[in-house]
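In what follows, a structure is listed as C-alpha cells, so that the remarks can point back to it.
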Amino acid sequence: MTMELKRQGQANIDHHPPISDADLIKMYNYLSSSDSAQVLQHKVFVDIMMHFGRRGRENLRTLRRTDFSVSTNGEGCMFVEKIRDEQTKNHQDDSCKAEGRMYEIKAAACGTKG
C-alpha cells in the first residue's frame, strides 16, 4: 500500500523549513535579554531541543539533571553532554551512545549575567 501511494505521489512528507540564521539570532537575543526565571526556562528548553535533537519532545518529560554531564575538552572549553540514552520511536534496540555537545558561549551571549 505504501509503495503504491509513493508511485502515485501521495506519500510525500512536507517538512517544516529550517530555522533561518536571522530568526535564531532574534530568538537568542530575546532569550538572553531578561533576568526572568520564565525566560531562562524557555532558554534551557530551546538549548536542549537544539543541541540534543529531541524529536518532537519525545522523552523530554523524563529528562533529569543526572542525565547530563558537564566536562571540559582539551582546549579548556566547557560543554554539556547527555550521558543517558533512552529508547525512542525509531531507535528501540539502538545500542549507540547519545551524541551531541552543548559548548559554553563566552561573554554575555550565554544568557546569564555576571
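Only the coordinates and a few stated rules stand behind these numbers; no lab work does. As the structure is a prediction and not an experimental result, all values here were calculated from the model. Heads up, the Cβs are rebuilt from the backbone with ideal geometry, glycines too, and the neighbour counts pull from every protein chain shown.
Ratio of Rg to Rh for segment 1-72: 1.16 [Cα atoms; Kirkwood radius as inverse mean 1/r over pairs]. When each of the peptides 20-29, 37-46 is scored by how many other beta carbons lie within 10 Å of its residues on average, the order from highest to lowest is 37-46, 20-29.
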